[in-house]
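The values are calculated or read from the model by the stated rules, or taken from the named source; none is laboratory data. Quick caveat, the model's predicted, so the values are computed rather than measured. When we count neighbours, we look across all protein chains shown, and the Cβ atoms used for this are built from the backbone with ideal geometry, even at glycine. Ligands, DNA and RNA are excluded from the accessible area calculation, which covers all protein heavy atoms including side chains. Shrake-Rupley method; radii C 1.70, N 1.55, O 1.52, S 1.80 Å.
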Amino acid sequence: KFGELIQYKKVFAKVIGCDSSGDIYSLKINKGSSVGIKKNSTVINSQGLVGVISNVSSNYSDITTILDFNNKVDVLVESSRTYGILQGFGKRMCRLKYVTNTEAIEVDDILVTSGFGALFPKGIKVGKVKKITTNDYELTQKIDVVPSVNFSKVEEVIVLTEEMKTQEVIDEIHP
């Protein structure tokens, strides 16, 4: 049922490799441009956002995961709708940035994609707030986030290739 709720054309793929650093900044999958995958396509699984396609060949693709420091994701706190930028931080963690000290954020708050920037569709689960640090001399909070995806156990992913048109959505829901 999970994949049926997302109104994008989908390609299901198996993870066949990851980077050798152990930090899982990138994954390799067994599908490529021959089935419609393009660079910058969003990659998810049933737990949430995995990352984005960074390189594509005809039969394989590379994913830059949200754990990578260079991958930035526009997110919202699900309960308060507070906006921030999620960035890989190391040790399989992320950091939520640019949230002012006046914003109410709590440990265990859920983060979802904002839909801003047209890269990631709105509403995909990204992670949960683990730790918040504030200082009187800083304008923003330091917010550590545990990704919703357990990257050490990712075996299969869904690549969102393009947004479906209204009739395609109806046909998929009611075949």
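A search for C-beta distances below 6 Å between a residue of segment 30-54 that is farther than 16 Å from Asn70 by Cα and any residue that is part of a strand (DSSP E or B) and of a type in the set (Lys, Arg), counting only pairs 6+ apart in sequence or on different chains, returns Asn30/Lys14; Gly48/Lys125. For the structure I just gave you, tell me whether Asp19 is farther than 13 Å from Val157 by Cβ and touching a Phe, Trp or Tyr at 6+ places or on another chain (Cβ under 7 Å). It is true that Asp19 is farther than 13 Å from Val157 by Cβ and touching a Phe, Trp or Tyr at 6+ places or on another chain (Cβ under 7 Å). Consider segment 62-76 and keep the residues that are in contact with a helix residue (DSSP H, G or I) (Cβ under 8 Å, 6 or more places away or on another chain) and assigned to a strand (DSSP E or B). The one that is surrounded by the most Cβ atoms within 10 Å (Cβ to Cβ) is Thr65.
Residues in segment 51-61 that are of a type in the set (Gly, Ala, Ser) and part of a loop (DSSP other than H, G, I, E, B): Ser57, Ser58. Among the residues of segment 1-17, those that are modelled with pLDDT of 90 or more and open to solvent by 50 Å² or more (accessible area, probe 1.4 Å) comprise Phe12, Lys14, Ile16.
Checking each residue in segment 45-61 for being open to solvent by 40 Å² or more (accessible area, probe 1.4 Å) and β-branched (Val, Ile, Thr) picks out only Val56. The set of residues from segment 96-127 being surrounded by fewer than 17 Cβ atoms within 10 Å (Cβ to Cβ), in a strand (DSSP E or B) and not β-branched (Val, Ile, Thr) comprises just one member, Lys97. Remark: Ser79 matches the filter, which requires a residue to be part of a loop (DSSP other than H, G, I, E, B) and within 22 Å of Asp108 (Cα to Cα).
Taking the conditions exactly as written (over 17 Å from the mean Cα position of the chain (by Cα) and surrounded by fewer than 19 Cβ atoms within 10 Å (Cβ to Cβ)), does Gly32 satisfy them or not? Spelling it out, it is not the case that Gly32 is over 17 Å from the mean Cα position of the chain (by Cα) and surrounded by fewer than 19 Cβ atoms within 10 Å (Cβ to Cβ).
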